[in-house]
Amino acid sequence: MVFKTANEKESELIEKLVTVNRVAKVVVGGRRFSFSALVVVGDMKGRVGYGLGKAREVPDAVRKASDQAKRSLIRIPLREGRTLHHDVTIRVGAAKVALRAAPAGTGIIAGGPMRAVFEVLGIHDVVSKSLGTNNPQNMVRATIEALGHVMSPRQIAHKRGKKVGEIVGRRDGNIVSEKVHD
């Protein structure tokens with residue numbers, strides 16, 4: 001049995017810098033600048049997290065955001081390791097996002113901040129639409145919130161006290177048929 005240390009676990013995580021903002025505070029002597037950085041972190045195998053860091057220098061802000069993102073990792077069930085199990089639409093504040101499972105070969109069809117989340121998560125085929133705000137922080141937060149609502153057929157079957165075969169019928173392409181008992 002091989003045990004991994006904390007550094008080995010962190011080394012397999014991929015970080016993506018989504019945005020850096022410069023904030024000015026006006027004081028008696030002029031302006032004081034600080035920076036905020038938004039970072040998403042994932043392992044390309046179904047774990048993703050995001051963090052926001054603020055500091056006087058950009059590298060410090062990125063480091064703080066990265067540390068926060070590593071602490072906030074969540075696991076997302078993926079179908080065939082490449083797409084979502086079902087479609088999700090969710091509203092978080094002013095951001096509304098719609099995520100749709102896609103057939104193989106579709107690729108990642110998503111805007112900037114959402115694309116970064118999908119890339120570090122390891123999703124290869126997804127269609128998404130951001131409605132409402134285009135603020136990167138809100139878009140990333142809404143996307144991860146929506147991904148948190150994705151459930152695998154195994155989780156749904158366990159929740160309902162049924163077998164997976166009763167939940168998922170035959171899959172024809174992208175259509176999932178559910179057995180209905182009269």
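Every number here is computed from the coordinates shown, using simple stated rules; none is lab data. Here the structure is a predicted model, which is why all the values come from computation and not from measurement. Methodologically, a virtual Cβ is constructed for each residue, glycine included, from the backbone with ideal geometry; neighbour enumeration extends over all protein chains shown.
With everything on Cα atoms, drop me the angle between helix 58-71 and the longest principal axis of the chain, reported from 0 to 90° to the nearest 10. Helix 58-71 sits roughly 30 degrees off the main axis of the chain. When the stretch 88-174 is described by a simple charge dipole with +1 on each Lys and Arg Cβ and -1 on each Asp and Glu Cβ, the residue from Ala101, Gly112, Met151 located farthest towards its positive end is Met151. Using the rule -39500 (n - 2.57) for each DSSP H run of four or more residues, divided by the residues of the chain, the 222 nm mean residue ellipticity is -8500 deg cm²/dmol.
Size descriptors for the stretch 13-93 (Cα atoms only): Rg and Dmax, in that order, 16.6, 59 Å.
Cα-Cα over 28 Å: which of Lys45/Lys163; Lys70/Lys129; Lys16/Lys159; Lys96/Lys163?
Numbers: Lys45/Lys163 25 Å; Lys70/Lys129 26 Å; Lys16/Lys159 34 Å; Lys96/Lys163 33 Å.
Where the Cα-Cα span goes over 28 Å, the pairs concerned are Lys16/Lys159; Lys96/Lys163.
Just to confirm the number: angle between the C-alpha axis of helix 136-148 and the first principal axis of the chain, 0 to 90 degrees, nearest 10? Orientation of helix 136-148: about 30 degrees from the principal axis. Give me the net charge for the shell around Thr133: Cβ to Cβ below 15 angstrom, other residues only, Lys and Arg +1, Asp and Glu -1. That sum, taken over residues with Cβ under 15 Å, equals +3. Where does the stretch 88-174 land on the Kirkwood hydrodynamic radius, alpha-carbon pairs, in angstrom? 14.1 Å is the Kirkwood radius here.
Note down the Stokes-Einstein diffusion coefficient of the stretch 1-148 in µm²/s, whole number, using a Kirkwood radius over alpha carbon pairs, 37 °C, and 0.692 mPa s.
Details: Rh = 16.1 Å.
In µm²/s, the coefficient is 204.
A Cβ-based charge dipole, computed about the Cα centre of the chain with Lys and Arg at +1 and Asp and Glu at -1, lands at about 480 debye.
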